[in-house]
Amino acid sequence: MDILIIGAFILVTPILIYIRWKVGTKKNFDRLIEKKLYQHGLKLLKSEYPGIFNVGPFPKFKIEPGKPQINDGAIQYERTYYRKLQVLKSNKEKIEVWARIETSWFKDTTVEFKPNLNEIKQKTGGNNA
């Protein structure tokens, strides 16, 4: 009996990882990202899925005080997606920006950028420190 459970786990785990990877690559957030970038005078050139375990400059684990980290039996849909972006500044300089998109059934979708879009807007050239 234990061998069957272990065997099922070994067979199912790669399938679930593959499904999660496919779902992550198919989601398209370009319109949402373009809208946020446009508000800061930036233009999206390219958006790519960085991979299932790559989160860029964002912390791998995010713990929020007051938010349950485990939901026993609760129906919940919260997903976090990451995108590696190539962005064009108003001075025609291309830069790399990372986006974390958090989706939920009960809240608005939020987008967080690293580096922060206000910081990008304040820098006028690549030589400023």
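Within segment 24-50, work out how many residues are small (Gly, Ala, Ser) and either touching an Asp or Glu at 6+ places or on another chain (Cβ under 8 Å) or free of Cβ contacts under 8 Å to residues at least 24 places away in the same chain (or both).
The total comes to 1.
Looking at segment 2-61, which of the residues that are basic (Lys, Arg) and under 21 Å from Gln86 (Cβ atoms) is surrounded by the most Cβ atoms within 10 Å (Cβ to Cβ)?
Lys36
Within segment 98-119, can you find the residues that are part of a loop (DSSP other than H, G, I, E, B), modelled with pLDDT under 85 and either within 16 Å of Leu32 (Cβ to Cβ) or touching a Cys at 6+ places or on another chain (Cβ under 9 Å) (or both)?
Listed by number, the residues that qualify are Lys107, Asp108.
I'd like the residue in segment 70-97 that is at pLDDT 90 or above and among the aliphatic types (A, V, I, L, M) and, out of all such residues, is nearest to Glu48 (Cα to Cα).
Leu85
Which of the residues that make up segment 1-55 are of a type in the set (Gly, Ala, Ser) and under 21 Å from Glu119 (Cβ atoms)?
Matches in segment 1-55: Gly41, Ser47.
The values are calculated or read from the model by the stated rules, or taken from the named source; none is laboratory data. The structure displayed is predicted, hence computed values, not measured ones. Glycine gets a Cβ as well: all are built from the backbone with ideal geometry, and neighbour counts include every protein chain shown.
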